[in-house]
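Student: Structure in structure tokens, see below.
The values are calculated or read from the model by the stated rules, or taken from the named source; none is laboratory data. What you see is a predicted model, and the numbers here were worked out from it, not measured in a lab. With ideal geometry, Cβ positions are generated from the backbone for all residues, glycine too; neighbour counts draw on all protein chains shown.
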């Protein structure tokens, strides 16, 4: 392979480093209006009345709109459609949108906000998901405040615990995590004279936004154009929320017949955007003296906030992975996504797995401590491998590089030599080392299989340039570079002449959402299917030119056959001269994933990425501060299409995982976020990350992936927090069972 497997320069690198990239707020129309949002002042209220007359009288105000002005359906189209674009009679969380003010400037719009008079009655609220599950709790959703519940029943759990020589039970908690992307939520909506509307904005899923705008305006999707602008980070935070922001901007534009821009402030973004779900996880685990795990029982509760958004599918992923990358015969899992009067939670890198993985990988170390075993040895005795089954009974048949990853990471980190019993460590400054592993089902799995498809359109122009159209988005992860490399490799076209069209729903096929580490496999395969047809046509012309049979080889911009060669560009021209069709569509979908909701058994995903992380820490036991000295992160990803981009993803995930473990602490009081900017909500800076982050890539090829590739986007974060928690225990003997691991927890833990 010439292109795939090489570290090509990112397609978007030049525009981003030179400042040519245009983010949504860079788009100017000259006559645009500005929208701001009037929000609920309390976590749970009944709206008695809303008076907007004084606000409308302010000079420069073009309109003040409530749910009564919505011409279409007042529901955001997500999993349950329970989230209104604008509140009607009840608000369920602090900051829920009630009205929109549109004016000639942001300043005037914000001035008008203060003139809106809201009369309301405060209702009982509940902020803890465990309290919300009680019978006498205030009702937010349905009869029991449970958005969705799942179970897994594998083997005989009672027999498994009877066979165990050691049984332990522990409870763990995790807090919110904020995406902390550089660019806040924002949209620009613009009407056309034919009654259609165009929405530009920062987003992950243009076709989600298309659904939302069609819903709120009540017009056909064919009259709506959604364009993704350069997006300054996402991490899942621009999967669901952009549908709301776009709906608001589009409504204002539709009603005023003017371009309308809606850009969130950082504080507004914190208050209203989705976040990583806080988690509560109770685990009971049993094992033989030799370390073989005989049974595991898990209760997993996620705090979904006031509306379901993506909580059901987030919960499902966490459920399927809640017992870790281990072969355990007897499994019992109950999981719940629960409604509370807080900001709704949604997609975040890892998608329900980091919470469960923190608990699972922590209790594995605690079990090793009880058994007086090295935690690495315990893991190795129970790892998944070819011929073993996951918690859902999925038989692993291929592409399992878990042991290779672990062996390589523990070798370069010198884990066995550095790991020592914490009881033997003395002094104020203590060092420790910790390990954690994970596996990650690529894509949306059986519960999201209706989205497990992708389309692509590839066109070769007469000058040899190539335009690829897919429905995925570039948000910093390097997807367009990787997809370009795949197309270039198949076609034999120089990488420099192949480009991906900007996501525009009127010009691209729906390739499914850019989530769940699915883009390389799904859209990569769709592109391959289109390019293979084009390549066969080109090869046929080349053979005809040379009057030869046999295989045509492409290398360095030339096609070779029968001892002769022709340049790619000349071959393309000849194809056009012979009236060969030089545009083609490709499609790919996954088959065979299953999940029985009654038992939790099935082939939940089509393949898995396997990971291992090791952290070395230095802890000041008097101050409780933790310094990460070295961090090792290894992943079996099938094939690194672009090794440098893969390394960047892994390093970035490590840093985000370090933040989740040690620093990122969202504080709420009665449902209101009080750390709603980067003054109060601390994320790692360049001074907080280790100088030494070492990356290991293992390539156990997935037969159905593009050149053997699997997914990578999310796994680099998942196991970071438990690796750090285990290292802190190894250094201090203190087991911290909640995230983040703040200094006071270390100081005051007995």
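Student: Let me spell it out: the conditions are (1) surrounded by 14 or more Cβ atoms within 10 Å (Cβ to Cβ); (2) in a helix (DSSP H, G or I), and residue 14 meets all of them except one. Which number is the exception?
Tutor: So residue 14 meets the others, but not (1).
Student: Okay, next question. Kindly list the number of the only condition in (1) crowded, with 23+ Cβ neighbours inside 10 Å; (2) farther than 21 Å from residue 245 by Cα; (3) under 28 Å from the mean Cα position of the chain (by Cα) that fails for residue 204.
Tutor: In the conditions (1) crowded, with 23+ Cβ neighbours inside 10 Å; (2) farther than 21 Å from residue 245 by Cα; (3) under 28 Å from the mean Cα position of the chain (by Cα), residue 204 misses (2) alone.
Student: For residue 501, work out the one condition from (1) in contact with a strand residue (DSSP E or B) (Cβ under 7 Å, 6 or more places away or on another chain); (2) modelled with pLDDT under 95; (3) within 25 Å of residue 203 (Cα to Cα) it doesn't fulfil.
Tutor: With respect to (1) in contact with a strand residue (DSSP E or B) (Cβ under 7 Å, 6 or more places away or on another chain); (2) modelled with pLDDT under 95; (3) within 25 Å of residue 203 (Cα to Cα), residue 501 is out only on (2).
Student: Name the residue, out of 485, 477, that is in contact (Cβ under 8 Å) with a residue 60 or more places away in the chain, closer than 20 Å to residue 9 by Cβ and over 18 Å from the mean Cα position of the chain (by Cα).
Tutor: 485
Student: Give me the residue from the stretch 273-285 that is farther than 10 Å from residue 359 by Cβ and crowded, with 24+ Cβ neighbours inside 10 Å and, out of that set, farthest from the chain's Cα centre (by Cα).
Tutor: The selected residue is 285.
Student: For the stretch 248-281, what are the residues that are outside any helix (DSSP H, G or I) and within 27 Å of residue 301 (Cβ to Cβ)?
Tutor: Hits for the stretch 248-281 are 273, 274, 275, 276, 277, 278, 279, 280, 281.
Student: Is it the case that residue 693 is free of Cβ contacts under 8 Å to residues at least 12 places away in the same chain and either in the same structural domain as residue 318 (by TED's automatic domain parsing) or not in a strand (DSSP E or B) (or both)?
Tutor: no
Student: Now a separate question. Does the stretch 72-108 hold any residues that are assigned to a loop (DSSP other than H, G, I, E, B), closer than 19 Å to residue 219 by Cβ and in contact with a helix residue (DSSP H, G or I) (Cβ under 6 Å, 6 or more places away or on another chain), and which are they?
Tutor: Answer for the stretch 72-108, where residues must be assigned to a loop (DSSP other than H, G, I, E, B), closer than 19 Å to residue 219 by Cβ and in contact with a helix residue (DSSP H, G or I) (Cβ under 6 Å, 6 or more places away or on another chain): 72, 73, 74, 76, 77, 85, 86.
Student: In addition: Listed residues 572, 617; which is in the same structural domain as residue 486 (by TED's automatic domain parsing), touching a residue at least 60 places away in the same chain (Cβ under 8 Å) and either surrounded by 19 or more Cβ atoms within 10 Å (Cβ to Cβ) or part of a loop (DSSP other than H, G, I, E, B) (or both)?
Tutor: Just a single option satisfies the conditions, and that option is 572.
Student: Scan the stretch 167-185 for residues that are farther than 26 Å from residue 244 by Cβ and loosely packed, with under 15 Cβ neighbours inside 10 Å and report the count.
Tutor: 2
Student: Say we look at the stretch 48-68 and pick out the residues that are touching a residue at least 60 places away in the same chain (Cβ under 8 Å) and surrounded by fewer than 18 Cβ atoms within 10 Å (Cβ to Cβ); which of these is farthest from the chain's Cα centre (by Cα)?
Tutor: Step by step, filter the stretch 48-68, then rank; the result is 54.
Student: Further, regarding this structure: Of all residues in the stretch 628-654, count the ones that are closer than 19 Å to residue 617 by Cβ and surrounded by fewer than 23 Cβ atoms within 10 Å (Cβ to Cβ).
Tutor: Going through the stretch 628-654 one residue at a time, the tally reaches 3.
Student: Would you mind telling me which numbered condition in (1) assigned to a helix (DSSP H, G or I); (2) in contact with a helix residue (DSSP H, G or I) (Cβ under 9 Å, 6 or more places away or on another chain); (3) surrounded by fewer than 20 Cβ atoms within 10 Å (Cβ to Cβ) residue 359 fails?
Tutor: Residue 359 satisfies every listed condition except (3).
Condition check ((1) on the phi > 0 side of the Ramachandran plot; (2) buried (at least 24 other Cβ atoms within 10 Å of the Cβ); (3) assigned to a helix (DSSP H, G or I)) across all residues:
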site: 295; (1), (2), (3): no, yes, no
site: 309; (1), (2), (3): yes, yes, no
site: 315; (1), (2), (3): no, yes, yes
site: 322; (1), (2), (3): no, yes, no
site: 334; (1), (2), (3): no, no, no
site: 338; (1), (2), (3): no, yes, no
site: 351; (1), (2), (3): yes, yes, no
